[in-house]
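Visitor: Take this structure, written in structure tokens, and hold onto it; I'll ask about it next.
Derivation of every value follows stated rules applied to the coordinates shown; laboratory data play no part. These numbers were taken from a predicted model, which means no experiment stands behind them. Every residue, glycine among them, receives a Cβ derived from its backbone with ideal geometry; neighbour counts consider all protein chains shown.
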């Protein structure tokens, strides 16, 4: 369940990243590769940040040079998509 204080869908994106565990779930469904391919236009975008609003300061959750894959933990990699 998703609970949000806003009465309608925002025109601003809420999330762009799919973590490794999400892609692991999509793998047996046969759609992991298609999702990764859909994110190719964003393959040079890096990092993750959060902020209270678009005009506020950003707090980096992980730096732009953070690895996209952790082979010892997951067979999948972090993927950006819109």
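Visitor: In a GNM of the chain with a 10 Å cut-off on Cα contacts, which of 55, 71, 33 has the highest mean-square fluctuation?
Guide: 55
Visitor: A follow-up question, please. Principal axes first, then extents: for the Cα atoms of the chain, list largest minus smallest coordinate on each axis, whole Å, largest first.
Guide: Its Cα atoms span 36, 29, 24 Å along the three principal axes.
Visitor: Right, another one. Assuming 0.36 nm per residue, please report the length gained on full extension of the stretch residue 27 to residue 8 beyond their Cα-Cα distance. Don't skip to the end; give the middle numbers.
Guide: Values: separation 19, 0.36 × 19 = 6.84 nm, distance 3.17 nm.
Stretched out fully, the residue 27 to residue 8 stretch lengthens by 3.7 nm.
Visitor: Specify the residue with the greatest mean-square fluctuation among 23, 68, 54, computed from a Gaussian network of the chain linking alpha-carbon atoms under 10 Å apart.
Guide: Ranking 23, 68, 54 by mean-square fluctuation puts 54 first.
Visitor: Another question about this same structure. Counting only C-alpha contacts under 8 Å and six or more residues apart, can you give the relative contact order of segment 17-80 as a whole percent? Intermediate results must be reported in sequence, preceding the final value.
Guide: Numbers: 74 pairs, mean separation 29.7, N = 64.
Averaging sequence separation for qualifying contacts and normalising by length gives 46 percent for segment 17-80.
Visitor: A further question follows. Once you have the Cα-Cα distance between residue 34 and residue 63, take 0.36 nm times their residue separation minus that, and quote the gain in nm to one decimal.
Guide: On the way: separation 29, 0.36 × 29 = 10.44 nm, distance 2.59 nm.
My answer for the length gained is 7.8 nm.
Visitor: Still on this structure, please answer the following. Counting each DSSP H run of 4 or more residues in the chain as -39500 (n - 2.57), what helix-only mean residue ellipticity at 222 nm follows after dividing by all residues, to the nearest 500 deg cm²/dmol? It would help to have the intermediate numbers written out before the result.
Guide: On the way: 2 runs with 14 residues, N = 82.
That calculation yields -4500 deg cm²/dmol at 222 nm.
Visitor: Taking the Cβ-Cβ separation of residue 54 and residue 19 as r and a Förster radius of 30 Å, what is the calculated FRET efficiency to the nearest 0.05? Before the final figure, lay out each step's value.
Guide: On the way: r = 23 Å, r/R0 = 0.77.
Given R0 = 30 Å and the Cβ-Cβ separation, E is 0.85.
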